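Reading through the structure tokens given below for one structure.
The values are calculated or read from the model by the stated rules, or taken from the named source; none is laboratory data. These figures come from a predicted structure and were not determined experimentally. A quick note on method: Cβ atoms are made from the backbone with ideal geometry, for glycine too, and the neighbour counts reach across all protein chains shown. Just so you know, the surface numbers come from the protein's heavy atoms only, side chains and all, with ligands and any DNA or RNA stripped out. Shrake-Rupley method; radii C 1.70, N 1.55, O 1.52, S 1.80 Å.
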Amino acid sequence: DAKTTQPPSMDCAEGRAANLPCNHSTISGNEYVYWYRQIHSQGPQYIIHGLKNNETNEMASLIITEDRKSSTLILPHATLRDTAVYYCIVRAPASNFGNEKLTFGTGTRLTIIP
Amino acid sequence: DVKVTQSSRYLVKRTGEKVFLECVQDMDHENMFWYRQDPGLGLRLIYFSYDVKMKEKGDIPEGYSVSREKKERFSLILESASTNQTSMYLCASSPTGTGRAEAFFGQGTRLTVV
């Protein structure tokens, strides 16, 4: 799995959009970008994933650059409950013949300021 | 509602004890993972399994072993617990295949070795 680089921490004002960057310059053509978040004392929770196109769901939007070497997770209207550690991961589709390994880095600690 | 269940939320063991951490998933997922999480170090992969009786070392397997006798259950074993194994342990599962294949996490077991 490709290595990712994220800033260790960020602050965002409540009600504003939180934009979390991730660099994955060694991403391979079949690797997806996944985002998870971990709220204090809980297990990580899936947020969104994408391959090439931008994606949006009820939680967030994912913007992937055209060269796929970086991405940005956008929380459109951040609330205090969005305070968490956010992990960016790149991973090829799992199969019984490889690619099962799933590794996380240290993520970005996002603090939403009232 | 999909679920990954870890047998204990908190556990205190003595140095030298053999410790079993149990994880059960009800989603018929092929892949299961064990991580430990320590302040400032993020989630580090200990072992993973992509099928019954199959296991692969992660990034920090030393001092640990695993067992997967049934598809739904993945056990982490500390053969002789030491104080440096005091940590939060997280179990996860994910399906095999293309498309949305996110991992689901348990709530974690906070192990203290005294």
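Quick look at the numbers
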| item | result |
| --- | --- |
| Selection count, region A:32-50, where residues are within 10 Å of another protein chain (Cβ to nearest Cβ) and either farther than 16 Å from A:V90 by Cβ or open to solvent by 50 Å² or more (accessible area, probe 1.4 Å) (or both) | 5 |
| Matching strands (runs of 3 or more DSSP E) fully within region A:13-114 where at least 3 residues are under 27 Å from B:R110 (Cβ atoms) and at pLDDT 90 or above | A:32-38, A:45-50, A:84-91, A:108-113 |
| Odd one out for A:T79, checked against (1) out of contact with any Asp or Glu (no Cβ under 6 Å at 6 or more places or on another chain); (2) crowded, with 18+ Cβ neighbours inside 10 Å; (3) more than 14 Å from every other protein chain (Cβ to nearest Cβ) | (2) |
| Residue match in region B:70-85 (condition: within 9 Å of chain A (Cβ to nearest Cβ), open to solvent by less than 10 Å² (accessible area, probe 1.4 Å), under 18 Å from B:V4 (Cα atoms) and of a type in the set (A, V, I, L, M, F, W, C)) | no |
| Boolean, B:S93 is small (G, A, S) and either surrounded by 14 or more Cβ atoms within 10 Å (Cβ to Cβ) or touching a strand residue (DSSP E or B) at 6+ places or on another chain (Cβ under 8 Å) (or both) | yes |
| Hits in region A:57-71 (condition: under 11 Å from the mean Cα position of the chain (by Cα) and surrounded by fewer than 16 Cβ atoms within 10 Å (Cβ to Cβ)) | none |
| Region B:63-85, residues that are in a loop (DSSP other than H, G, I, E, B) and either under 14 Å from the mean Cα position of the chain (by Cα) or over 18 Å from B:E17 (Cβ atoms) (or both) | B:G63, B:K71, B:E72 |
| Scan of region B:22-35 for residues that are closer than 19 Å to B:T86 by Cβ and surrounded by fewer than 22 Cβ atoms within 10 Å (Cβ to Cβ), ordered by number | B:E22 |
| Qualifying positions in region B:20-68 - under 17 Å from B:V4 (Cα atoms) and acidic (D, E) | B:E22, B:D26, B:D28, B:E30, B:D51 |
| Residue tally, condition more than 8 Å from chain A (Cβ to nearest Cβ), closer than 19 Å to B:P95 by Cβ and part of a strand (DSSP E or B), over region B:16-48 | 6 |
| Boolean, B:S93 is under 11 Å from the mean Cα position of the chain (by Cα), farther than 20 Å from B:Y10 by Cα and in contact (Cβ under 8 Å) with a residue 60 or more places away in the chain | yes |
| Tabulated pairs, region B:69-83, first under 16 Å from B:F33 (Cβ atoms), second open to solvent by 70 Å² or more (accessible area, probe 1.4 Å) and of a type outside the set (D, E, K, R), C-beta under 8 angstrom, 6+ apart or interchain | B:S75/B:F20; B:L76/B:F20; B:I77/B:F20 |
| Checklist (1) assigned to a loop (DSSP other than H, G, I, E, B); (2) more than 11 Å from every other protein chain (Cβ to nearest Cβ); (3) not small (G, A, S) applied to B:T112, failing item | (1) |
